[in-house]
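Colleague: Sharing a structure below in C-alpha cells format, with a few things to ask.
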Amino acid sequence: MIRLDVFSDPICPWCYVGKAGLDAALEARPDHDFTVEWHPFMLNPEMPAGGMDRADYLEAKFGGKDGTVKAMLPVQQAAEAAGIPLDFAAQTRVPSTLDAHRLIHWAGLEGRQNAVVSALFRAYFVEGADIGDRAVLVAIAGKAGLDSEMIDRLLQGDGDVAEIRARDSEIRARGLRGVPAFIIDGQHVLHGAQPKEVWLQVIDELAGRA
C-alpha cells in the first residue's frame, strides 16, 4: 500500500472540493494502492472557541463584500464542476476547528476518518452547521459509527488538544502554508484541489498503467 497523507481543514472550501476529486478517482479505481490518512491544519489556529460571525470574518479577510464575492466565486464554480453541493448562504459562523480535528484524529483510531471528514464537510458547507459546537460533533460521530457518548466525554476534556496543536505547528514549520496538500509515499507533494483526472493519472502511474 502507498500512504497518502492529506492535510486539510473542515472549513476550507478548497479542501472540500479537493476531497471530491480524490474520492471520485478512488471510486473509479477501486484497486488503487492508497491508504489515506487525514492530518490537521487549522486555517485559524487562534480562532476563539466560540468562533466568529462569518460575514465579519470574510470581509476582514478579503477586504469587504466585493472582495468576498470575488474570492468565493471560483470555489462555487469548482464545486459545481465537481458535482458537489455548496451553500455559502447557509453558513453564519466561522468556528474554531480544533475540536473537529480532535474528532478526525479519534476517528482515525477507529478506521472511520473518511466518513467523519465527509460528514464534517457536508455539515459545514451544505447544512451550515456550527462544527465547533460539541453537540454537532457528537451527532456527526454517532452517524459515522463512533461511540457518541465516549466522544461527548472526550470533547468535554482537553485530551489530544496539545497533540493537535503540535501537529499543526510541526507541518507549518516544515513549510506548509495552505491546504489542501497531499503527500504521496512521504515524498511527493501535490498542492491544491486536484480534479479527478489528475488523481487518475497519479494512480495509474503508480500502478504502472500509464
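Colleague: Is it true that some residue in region 34-42 is under 17 Å from the mean Cα position of the chain (by Cα), of a type outside the set (Lys, Arg) and part of a loop (DSSP other than H, G, I, E, B)?
Modeller: Taking every residue of region 34-42 in turn, at least one turns out to be under 17 Å from the mean Cα position of the chain (by Cα), of a type outside the set (Lys, Arg) and part of a loop (DSSP other than H, G, I, E, B).
Colleague: To continue, here is another question. Can you tell me which of Pro85, Pro40 is open to solvent by 50 Å² or more (accessible area, probe 1.4 Å) and not hydrophobic (A, V, I, L, M, F, W, C)?
Modeller: Numbers: Pro40 fails: open to solvent by 50 Å² or more (accessible area, probe 1.4 Å).
None of the others qualify; the one that does is Pro85.
Colleague: Step by step: first the residues of region 122-169, then only those that are open to solvent by 40 Å² or more (accessible area, probe 1.4 Å) and not in a helix (DSSP H, G or I), then the one that is nearest to Val94 (Cα to Cα). Which residue is that?
Modeller: Among those residues, the one meeting the criterion is Asp130.
Colleague: What are the residues in region 171-210 that are among the basic types (Lys, Arg) and within 21 Å of the chain's Cα centre (by Cα), if any?
Modeller: The answer is Arg172, Arg174, Arg177, Lys196.
Colleague: Something else: Can we say Pro30 is part of a loop (DSSP other than H, G, I, E, B), open to solvent by less than 40 Å² (accessible area, probe 1.4 Å) and not basic (Lys, Arg)?
Modeller: So Pro30 does not fit the description; no.
Colleague: Separate question: In region 17-27, which residue that is closer than 20 Å to Val75 by Cα and not aliphatic (A, V, I, L, M) is most open to solvent (accessible area, probe 1.4 Å)?
Modeller: Asp23
Colleague: A further question on this structure: Suppose we keep only residues that are out of contact with any Asp or Glu (no Cβ under 9 Å at 6 or more places or on another chain) and open to solvent by 30 Å² or more (accessible area, probe 1.4 Å) within region 58-70. Which one would you say is nearest to Phe88 (Cα to Cα)?
Modeller: Val69
Colleague: If you scan region 43-60, which residues turn out to be of a type outside the set (A, V, I, L, M), in contact with a helix residue (DSSP H, G or I) (Cβ under 8 Å, 6 or more places away or on another chain) and in a helix (DSSP H, G or I)?
Modeller: The one that is of a type outside the set (A, V, I, L, M), in contact with a helix residue (DSSP H, G or I) (Cβ under 8 Å, 6 or more places away or on another chain) and in a helix (DSSP H, G or I): Glu59.
Colleague: Suppose we filter region 43-57 for residues that are among the small types (Gly, Ala, Ser), in contact (Cβ under 8 Å) with a residue 60 or more places away in the chain and open to solvent by 20 Å² or more (accessible area, probe 1.4 Å); how many remain?
Modeller: Final tally of qualifying residues: 2.
The values are calculated or read from the model by the stated rules, or taken from the named source; none is laboratory data. Treat the numbers as computed from the prediction; the structure is a model and nothing was measured. Positions of Cβ are generated from backbone atoms using ideal geometry, with glycine treated the same way; all protein chains shown enter the neighbour counts. Each accessible area value is taken on the protein alone, full model and side chains, heavy atoms only, with ligands, DNA and RNA left out. Shrake-Rupley method; radii C 1.70, N 1.55, O 1.52, S 1.80 Å.
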